[in-house]
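Undergrad: Dumping the structure here so I can ask a few things about it.
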Amino acid sequence: MSAKGKRTPFYELHAKVGAKMVNFAGFAMPIYYRSIVAEHRRVRSSVGMFDLSHMGEIEVRGPEALQFVQKVTTNDASKLALYQVQYSAMCYPNGGIVDDLLVYRLRDCFLFVVNASNIEKDFQWLQENLEEDVEVKNRSDQTALLAIQGPRARDVLAKLTKANLNGLGYYWATEGEVDGVRMLFSRTGYTGEDGFELYFPPHYASQLWTSVVEAGREYGIEPIGLGARDSLRLEMGYCLYGNDIDRTTTPLEAGLGWITKLEAKDFIGKEALLDQKEKGIKRKLVGIELENNSFPRKGYPILLDGKQQGTITSGIFSPSLNVGIAMGYLPTEASALGTKVQVEVRGKMVEGRVVKRPFYTYGSHR
């Protein structure tokens, strides 16, 4: 089924297998193929493959590249070894989040992998803050991205490469051949399961898709749409830009203090975040688990003692846990684990409680 939007290199393959297509962040993307729940469970139990070519890839090069990365991101990139990957964020001077991203330290550059909806905004932000001896290049249109996720992900990729996958640690990358194609590939993921991301020129898309399908046939591999990708990440309590984080939220409010190195270095937004920390954080992003079979959705009110104190930022009925789970911001004084809340679901009050994230703790990447 067709949808308006920019087409990824895998578009015709999605159409061929009958994907339900939607416009997402300006791209025509598959929301599901078979069903969101079935695809979600496939990844948890075995393996699935994701077209992530809508994501953005921005290279940072030059003699002062590290200093620039340090200035524009919250994590400490100086700690990255060659081919190591780091989760990080970029902030505005007021501490609001420009985007969350992955930072790769490669031989001749740093690679930023950013959210599809923020590619142009992020690239412009980097250019606005550019310094001498630094060059940034938007390589998004020249990069196809195919991810293999699930407990059997290593078994699938091992059929296509001679690289030592057992020696490739979590949040590390390498360069080598996969199915005869020279590429960058990494072991990170957004699902809580073991997984690999393959970055390669778009004209190899059909070849790699076909080869991954064949390599994963014995494990029941199938393509996975954005719907299951969202439910998988929410079970892990991972933030989604535009839902759980944006320019109005700070990393400290979102529970991302662990990637915000206030003592280690200077970066854009540091002063505002230090001030917020000193004065006390007024709200926090929390995980909420609902009673019965309720399905929380973005925008539903969160109440304490009958008064609205927050709003659901992301919510699903968890296919793995068979319970409604959600995230949303609550006043700090009401954010303690075990705090009882109510969520208004289609006009009815449903009891819930604040719980620890991740909701799902059985992921194969651990």
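Coordinate-derived values only; no laboratory data. What you are looking at is a predicted structure, and each value in this text was computed from that prediction instead of being measured. Note that we place each Cβ from the backbone using ideal geometry, even for glycine, and neighbour counts take in every protein chain shown.
Undergrad: Can you give me the P(r) profile for region 54-177? Cα pairs, bins 5 angstrom wide beginning at 0, each as a whole percent.
TA: Percent of pairs per bin, in order: 2, 10, 19, 23, 19, 13, 8, 5, 2, 0.
Undergrad: What is the sum of charges, Lys and Arg at +1 and Asp and Glu at -1, for the other residues whose Cβ falls under 13 Å from the Cβ of GLN67? Could you put the intermediate results ahead of the total?
TA: On the way: positive: ARG61, LYS71, LYS265; negative: GLU64, ASP76, GLU131, GLU132, ASP133, ASP266.
Every neighbour counted, the sum reads -3.
Undergrad: A follow-up question, please. Rounded to the nearest 20 Debye, what is the dipole magnitude of region 56-138 about its Cα centre when Lys and Arg each give +1 and Asp and Glu each give -1 at the C-beta?
TA: 280 debye
Undergrad: Using 7 Å Cα-to-Cβ label points, what is the GLU344/VAL37 separation (nm, one decimal)?
TA: 2.8 nm
Undergrad: Same structure again: In nm, to one decimal, how far is the GLU64 label point from the TYR92 one, both placed 7 Å along Cα→Cβ?
TA: The modelled label-to-label distance comes out at 2.5 nm.
Undergrad: Using a Gaussian network model of the chain whose springs link C-alpha atoms within less than 10 Å, name the residue from LEU240, LEU126, LEU321 with the highest mean-square fluctuation.
TA: Maximum among the listed residues: LEU321.
Undergrad: How would VAL43, VAL114 line up from fewest to most surrounding beta-carbon atoms within 10 angstrom?
TA: The order, fewest Cβ neighbours first, is VAL114, VAL43.
Undergrad: Still on this structure, I have one more. On full extension of the chain, what length is gained from GLN308 through LEU274, given 0.36 nm per residue of separation minus the C-alpha to C-alpha distance?
TA: 9.4 nm
Undergrad: How many nm is it between the label spots at GLU291 and ARG139, if each spot is 7 Å from the Cα in line with the beta carbon?
TA: The answer from the label model is 5.3 nm.
Undergrad: Rounded to whole Hz and in sequence order, give me ³J(HN,Hα) for region 26-31 from the Karplus expression 6.51 cos²θ - 1.76 cosθ + 1.60, θ = phi - 60°, writing x for Gly and Pro.
TA: Those phi angles translate into x, 10, 7, 10, x, 7 Hz.
Undergrad: Rounded if a/c is under 1.5, else prolate if a/b beats b/c, else oblate: with a ≥ b ≥ c from the C-alpha gyration tensor eigenvalues square-rooted, which is region 267-366?
TA: Working: a/c = 2.27, a/b = 1.36, b/c = 1.67.
Oblate.
Undergrad: Among rounded, prolate and oblate, which fits region 114-249 when a ≥ b ≥ c are the square roots of the eigenvalues of its C-alpha gyration tensor, a/c under 1.5 means rounded, and a/b larger than b/c means prolate?
TA: Working: a/c = 2.01, a/b = 1.37, b/c = 1.46.
Because a/c hits 1.5 or more and a/b fails to exceed b/c, region 114-249 counts as oblate.
Undergrad: Do any of LYS71/LYS277; LYS6/LYS137; LYS121/LYS265; LYS284/LYS340; LYS6/LYS159; LYS279/LYS340 go past 22 Å between their Cα atoms, and which? Please list the in-between numbers first.
TA: Working: LYS71/LYS277 20 Å; LYS6/LYS137 20 Å; LYS121/LYS265 24 Å; LYS284/LYS340 15 Å; LYS6/LYS159 32 Å; LYS279/LYS340 26 Å.
From the list (LYS71/LYS277; LYS6/LYS137; LYS121/LYS265; LYS284/LYS340; LYS6/LYS159; LYS279/LYS340), the Cα-Cα distance tops 22 Å for LYS121/LYS265; LYS6/LYS159; LYS279/LYS340.
Undergrad: I would also like to ask the following. Taking 0.36 nm per residue of separation and subtracting the Cα-Cα distance, what length does fully extending TYR362 through LEU321 add?
TA: The TYR362-LEU321 span can extend by a further 13.7 nm.
Undergrad: Using the crude model of +1 on Lys and Arg Cβ and -1 on Asp and Glu Cβ, and no other charge, please compute the dipole size for the chain relative to its Cα centre, in debye to 20.
TA: 1100 debye
Undergrad: Here is a follow-up. What is the percent of Cα-Cα separations in the chain that go past 29 Å?
TA: 42 percent
Undergrad: A further question on this structure: Can you give the extra length, in nm with one decimal, that the chain gains between LYS265 and LYS121 once fully stretched, where that is 0.36 nm per residue apart less the Cα-Cα distance?
TA: 49.4 nm
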